[in-house]
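A short worksheet on the structure shown next.
The values are calculated or read from the model by the stated rules, or taken from the named source; none is laboratory data. Since the structure is predicted, the reported quantities are computational estimates derived from the model, not experimental observations. A quick note on method: Cβ atoms are made from the backbone with ideal geometry, for glycine too, and the neighbour counts reach across all protein chains shown. Note: areas computed on protein heavy atoms with side chains; ligands, DNA, RNA excluded. Shrake-Rupley method; radii C 1.70, N 1.55, O 1.52, S 1.80 Å.
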Amino acid sequence: MGATTIGALVGGVIDSMGGDDDASWDGALKGAIVANVLKVVVPMAITYAVGWAVLRGAGELKDTVFGDVK
């Protein structure tokens with residue numbers, strides 16, 4: 001809930017600083033959507049990166065213990 005609120009506030013402020021004459025609520029809406037998307041995407045990216053590093057390390061460990069198998 002807090003990330004969505006902060007995203008909406010930041011989006012609204014950025015939209016109002018743009019200089020156009022429309023309302024800032026559309027920027028707030030976009031900021032809230034981006035915040036919710038990032039709440040899903042960032043943990044997935046971190047999980048993927050950690051998994052990749054573990055698999056890479058496991059492969060290197062196997063090669064060290066058993067030697068390069070061709």
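So how do 30-36, 50-56 stack up, highest first, on mean other-Cβ count within 10 Å?
Working: 30-36: 17.4, 50-56: 10.0.
Ranking the peptides 30-36, 50-56 by packing returns 30-36, 50-56.
Could you check how much of the accessible area of the chain is carbon and sulfur, as a whole percent, using a 1.4 Å probe? Write down the numbers at each step before the final one.
Numbers: 4130 of 5630 Å².
Heavy-atom surface of the chain belonging to carbon and sulfur, 1.4 Å probe: 73 percent.
Karplus couplings for region 4-9 from phi (6.51 cos²θ - 1.76 cosθ + 1.60, θ = phi - 60°), rounded to Hz, Gly and Pro as x?
The phi angles translate into 5, 5, 5, x, 5, 5 Hz.
Can you give the Rg to Rh ratio of the chain, both from alpha-carbon atoms, with Rh computed by the Kirkwood formula?
Working: Rg = 21.7 Å, Rh = 15.0 Å.
Taking Rh as the inverse mean 1/r over Cα pairs, Rg/Rh reads 1.45.
Kindly rank 61-68, 37-44, 11-18 from highest to lowest mean number of other beta carbons found within 10 Å of each residue.
Working: 61-68: 9.0, 37-44: 10.6, 11-18: 15.4.
Sorting 61-68, 37-44, 11-18 by mean packing, highest first, produces 11-18, 37-44, 61-68.
In whole Hz, with x marking every Gly and Pro, tabulate ³J(HN,Hα) for region 10-17 from phi via Karplus 6.51 cos²θ - 1.76 cosθ + 1.60, θ = phi - 60°.
Computed from phi, the couplings for region 10-17 are 5, x, x, 5, 5, 5, 6, 7 Hz.
Farthest toward the dipole's positive end in the chain, which of 55, 40, 18, given Cβ charges of +1 (Lys, Arg) and -1 (Asp, Glu) about the Cα centre?
Checked the options; the winner is 55.
Using the Cα centre as the reference, give the magnitude of the dipole from point charges on the C-beta atoms of the chain (Lys, Arg: +1; Asp, Glu: -1; all else neutral), rounded to the nearest 20 debye.
Working: 5 positive and 8 negative charges, 109 e Å.
Dipole of the chain, to the nearest 20 debye: 520 debye.
At 222 nm, what value in deg cm²/dmol follows for the chain if DSSP H runs of at least 4 each add -39500 (n - 2.57) and the sum is divided by all its residues, to the nearest 500?
Numbers: 2 runs with 58 residues, N = 70.
When only DSSP H runs of four or more count, the value is -30000 deg cm²/dmol.
Could you tell me how many degrees, from 0 to 90 and to the nearest 10, lie between the Cα long axis of helix 25-66 and the main elongation axis, the longest principal axis, of the Cα atoms of the chain?
10 degrees
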